[in-house]
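Participant: Take a look at this one; I'll ask things after.
Derivation of every value follows stated rules applied to the coordinates shown; laboratory data play no part. Source: prediction; values computed, not measured. No Cβ is skipped: glycine too gets one built from the backbone with ideal geometry, and neighbour counts run over all protein chains shown.
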Amino acid sequence: MRVFNVPLTPIPAFNDNYIWLWQDQDGHYWVVDPGDANSVINHLASNQIALHGILITHHHYDHVGGVEQLIEKYPRSIVVANPQTCSQSTMLPSECASQDIIRGLTVLDVPAHTLDHIAYFINDGENTPILFCGDALFSCGCGRLFEGNEKQLDHVMELFKHLPGHTLVCCAHEYTVDNIKFAQAVEPNNKALDEYLDEAIKRRLTNQPTLPSTISRELTVNPFMRIAHDSVRQSLNHKYNLSDATNPELIGKLREWKDNF
Ligand SMILES: [Zn+2]
């Protein structure tokens, strides 16, 4: 599958995970967060593709669980991860960027969902930029705060907001429809959400992924990226009886609301 001319395929795994398969500028194939090896091996075998490398965003089992089996099957593949995130790491993310193993790679520190969480932003100046963000950002939502705090989450969202608008956002879960329903509760008058819900439901009915999204789209629909907008602030002020809350306080409340939605 090519998305906006970028060779990207989301391989479905478990109930709602996507393991992104990406072909880099040199023709090498990478997978991101292979929680399940069999889904990847079957896909690669049926498309006669050899694996070149693995990128890991954080330590959760549904993101690293397939690494061991994949390197048994493809022993020459590079495993890009911090060692505390994945013990099979063969290359630090910082080395992958500084040695130009992937051209145009910037590794972003995005601690919030987990403290070790990183994201891979690839912008070589020629192809559409790509963001592999694991569970740090979902379409219309974000990962739960398992380890980090609201201040860190606010920071992470600010960082994502400033990426180029046409960046393809490759999240690790298909949560879009539920996330849009939550966003509609937060911003009932946001028309972009109504259109997006129709589109997302249609896609899911035909078993198509709703992803990748783009940063521009997320800026119009994702309440976690819209914390500075009056509609989101007013909604939170009303629900939690707040006044003069800071952005981190607001985003913390928004996360709490979503956790109980
Ligand atoms: Zn996770």
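Participant: If only one of Thr214, Thr176 is hydroxyl-bearing (Ser, Thr, Tyr) and either within 16 Å of the ligand (Cβ to nearest atom) or without any contact (Cβ under 8 Å) to a residue 40 or more places away in the chain (or both), which one is it?
Facilitator: Thr176
Participant: A further question follows. Is it true that His166 is part of a loop (DSSP other than H, G, I, E, B), touching a Phe, Trp or Tyr at 6+ places or on another chain (Cβ under 9 Å) and more than 24 Å from Phe14 (Cβ to Cβ)? Show your work before the answer.
Facilitator: Numbers: part of a loop (DSSP other than H, G, I, E, B): yes; touching a Phe, Trp or Tyr at 6+ places or on another chain (Cβ under 9 Å): yes; more than 24 Å from Phe14 (Cβ to Cβ): yes.
Yes, satisfied.
Participant: Continuing with the same structure: Only one residue in Val177, Val232 is within 18 Å of the chain's Cα centre (by Cα), outside any loop (DSSP other than H, G, I, E, B) and under 19 Å from Gly143 (Cβ atoms), so which one is that? Before you say what the answer is, go through the steps one by one.
Facilitator: Working: Val232 fails: within 18 Å of the chain's Cα centre (by Cα).
When all the criteria are applied, what remains is Val177.
Participant: In segment 21-66, which residues are within 16 Å of the ligand (Cβ to nearest atom) and either surrounded by fewer than 18 Cβ atoms within 10 Å (Cβ to Cβ) or over 26 Å from Glu126 (Cβ atoms) (or both)?
Facilitator: Our first condition is that a residue be within 16 Å of the ligand (Cβ to nearest atom); within segment 21-66, this holds for 32-36, 55-66.
Matches in segment 21-66: Pro34, Gly35, Asp36, His58, His59, His60, Tyr61, Asp62, His63, Val64, Gly65, Gly66.
Participant: With respect to Ala119, determine if the residue is within 15 Å of the ligand (Cβ to nearest atom) and of a type in the set (Gly, Ala, Ser). Full working, then the answer.
Facilitator: Values: within 15 Å of the ligand (Cβ to nearest atom): yes; of a type in the set (Gly, Ala, Ser): yes.
Spelling it out, Ala119 is indeed within 15 Å of the ligand (Cβ to nearest atom) and of a type in the set (Gly, Ala, Ser).
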